[in-house]
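Report on the structure given below.
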Amino acid sequence: MSEKVQFQTNVPINIALKYNDGKEVTGQYGDQVLYTLTDGRVMYVPPIVKKKIDEFGIGRGELFTITKGEKKNGTRRTVEWVVATDGSGDRNPQRRAQQPNGQGRDQRRQGAGSAPGNGNDHRPIPRNEAKGFLVTGQGQLLLQALAAAVDVATATGRYATSCGLELQFTSEDLREIGLSIYTTGAK
């Protein structure tokens with residue numbers, strides 16, 4: 001059985017589809033779309049993600065990013081799926097397709113109605129920077145662990161500031177935190 005992509009909240013995942021279209025399935029979480037990825041893994045996503053992939057015309061083998069974002073509305077939390085090819089550009093695919101200056105589908109693009117990045121000021125890795133190891137299962141786990149380390153350091157820094165303390169993390173600290181998360185998750 002193929003390894004299944006696990007989407008962690010606010011952590012972008014770089015993927016490439018093995019086939020142009022997914023298979024609609026119904027499971028314990030309701031209607032989903034099953035995609036096979038070029039690295040042999042599979043992913044299950046809600047139909048809204050399929051719609052965004054189709055809107056951008058993302059085809060097989062094209063590297064793009066999916067982020068399962070969490071939005072807070074008072075005490076309520078909701079999930080917002082962000083599909084992006086490099087984290088910048090016009091956020092409205094219909095308007096971008098109608099641009100008179102010839103900039104269209106191949107211009108930088110981001111999921112409709114979503115903020116750039118994933119809500120934690122992280123930008124998805126542009127497709128020309130995410131090659132080889134990063135599209136494998138272990139590469140994704142390491143990338144997620146390092147992104148989580150940045151999130152942990154940011155949240156801890158904010159908390160320290162609210163307590164009247166000044167706290168700064170070095171790149172070495174982030175590396176240690178990220179590797180600790182990675183090794184714990186790999187067990």
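The values are calculated or read from the model by the stated rules, or taken from the named source; none is laboratory data. Predicted, not measured: the structure shown is a model, and the values here were computed from it. Methodologically, a virtual Cβ is constructed for each residue, glycine included, from the backbone with ideal geometry; neighbour enumeration extends over all protein chains shown. The area values use the complete protein model at the heavy-atom level, side chains included, leaving out ligands, DNA and RNA. Shrake-Rupley method; radii C 1.70, N 1.55, O 1.52, S 1.80 Å.
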Cβ-Cβ distance below 6 Å, separation of 6 or more or different chains: which pairs start in the stretch 16-31 with a residue that is without any contact (Cβ under 8 Å) to a residue 40 or more places away in the chain and end on one that is surrounded by 11 or more Cβ atoms within 10 Å (Cβ to Cβ) and part of a strand (DSSP E or B)? Gly22/Val33; Gly22/Leu34; Gly22/Tyr35; Lys23/Leu34; Glu24/Val33; Val25/Gln32; Val25/Leu34
Kindly establish whether Gly40 is within 21 Å of Gln144 (Cα to Cα) and either assigned to a loop (DSSP other than H, G, I, E, B) or at pLDDT below 90 (or both). yes
Taking the stretch 155-187 as the search range and keeping residues that are of a type in the set (Val, Ile, Thr) and more than 23 Å from Gln6 (Cα to Cα), which one is surrounded by the fewest Cβ atoms within 10 Å (Cβ to Cβ)? Thr170
Pick out the one residue from Ile53, Ile66 that is part of a helix (DSSP H, G or I), modelled with pLDDT of 90 or more, closer than 25 Å to Leu143 by Cα and open to solvent by less than 20 Å² (accessible area, probe 1.4 Å). Ile53
Output yes when any residue across the stretch 16-34 is among the small types (Gly, Ala, Ser) and either touching a Gly at 6+ places or on another chain (Cβ under 6 Å) or assigned to a helix (DSSP H, G or I) (or both), and no when none is. yes
Right, Thr161: at pLDDT 80 or above, assigned to a helix (DSSP H, G or I), polar (S, T, N, Q) and over 26 Å from Met43 (Cβ atoms) or not? yes
